[in-house]
Each structure stands twice: as structure tokens, then as C-alpha cells.
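J.: Quick one: the structure is below, and I'll ask about it shortly.
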Amino acid sequence: MIVRHRVAFGLLLALASSAFAVLWLFVVPARADETTGVQSAAIRYAHPACWMLLAAASALFATRAPRRTVDAVAWSALVAYAVFVVATLA
């Protein structure tokens, strides 16, 4: 079913993910204010980067991009999220 409605599904997910990315640019965890340098930047920007990469992966899925490309972008989102989590817990 998802593949049959890939354009609508992909664009809806891309739009939602983009909205979350913008939201996370303004709703920053308090931990970001307690840290400095790279750690603070990772906390502030890695989570929105994750959402933007998910939006890109969804848009690529909607446009029938090669599976390897979609997978690479989705895995990059996971890496960005891992950076956010490590920076937050450190």
C-alpha cells in the first residue's frame, strides 16, 4: 500500500519532518545552554539535521530515487540523531 501511494506518503512525511526540524530549531533542550562549543552545537543542530535528513529521504522515496540513495540519507539521519543523543548525555 505504501509503495502504491509513494508520492502522497513520501511528500506527507517530508512535510511533517520539515515541520519537526523547524520546531526543534526553536525548542532547544536546556542542556544546550549548560554546554559550550561542539557539544552545544551538536545538541542544538544535530536533532533538526536528523529531521531534515528524514525529510530528504522521504522526498527521495516519493520521487522514486534509487533505493541506495534513500537508504544512505536515512542512515545519515540516524548518525545525526546518535550525535545528538551522545552530546546530550555527555
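The values are calculated or read from the model by the stated rules, or taken from the named source; none is laboratory data. Note that this is a predicted model, so its numbers are computed, not measured. Glycine also receives a Cβ, built like all others from the backbone with ideal geometry; neighbour counts cover every protein chain displayed. Only protein heavy atoms, including side chains, enter the accessible area calculation; ligands, DNA and RNA are left aside. Shrake-Rupley method; radii C 1.70, N 1.55, O 1.52, S 1.80 Å.
Yes/no per residue for (1) under 19 Å from His5 (Cα atoms); (2) buried (at least 19 other Cβ atoms within 10 Å of the Cβ); (3) among the aliphatic types (A, V, I, L, M):
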{"site": "Leu53", "(1), (2), (3)": "no, yes, yes"}
{"site": "Phe61", "(1), (2), (3)": "yes, yes, no"}
{"site": "Val85", "(1), (2), (3)": "no, no, yes"}
{"site": "Ala90", "(1), (2), (3)": "no, no, yes"}
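J.: Which of the residues spanning the stretch 16-51 are open to solvent by 50 Å² or more (accessible area, probe 1.4 Å) and either more than 17 Å from Ala87 (Cβ to Cβ) or touching a strand residue (DSSP E or B) at 6+ places or on another chain (Cβ under 9 Å) (or both)?
T.: Ala19, Phe20, Val22, Leu23, Phe26
J.: Within the stretch 63-82, count every residue that is open to solvent by less than 70 Å² (accessible area, probe 1.4 Å) and either part of a helix (DSSP H, G or I) or in contact (Cβ under 8 Å) with a residue 40 or more places away in the chain (or both). Let's see the steps before the verdict.
T.: Initial filter on the stretch 63-82 (open to solvent by less than 70 Å² (accessible area, probe 1.4 Å)): 65, 69-74, 76-77, 80, 82.
Now narrow it down to the ones that are either part of a helix (DSSP H, G or I) or in contact (Cβ under 8 Å) with a residue 40 or more places away in the chain (or both): 69-74, 76-77, 80, 82.
Qualifying residue count, the stretch 63-82: 10.
J.: Going through the stretch 17-37 one residue at a time, which ones are in a helix (DSSP H, G or I), within 22 Å of Val79 (Cα to Cα) and either without any contact (Cβ under 8 Å) to a residue 24 or more places away in the chain or in contact with a Phe, Trp or Tyr (Cβ under 6 Å, 6 or more places away or on another chain) (or both)?
T.: Answer for the stretch 17-37, where residues must be in a helix (DSSP H, G or I), within 22 Å of Val79 (Cα to Cα) and either without any contact (Cβ under 8 Å) to a residue 24 or more places away in the chain or in contact with a Phe, Trp or Tyr (Cβ under 6 Å, 6 or more places away or on another chain) (or both): Ser17, Ala19, Phe20, Ala21, Leu23, Leu25, Phe26, Ala32, Gly37.
J.: Could I ask something else about it? All but one of (1) among the small types (Gly, Ala, Ser); (2) assigned to a helix (DSSP H, G or I); (3) at pLDDT 95 or above hold for Ala41; which doesn't?
T.: (3)
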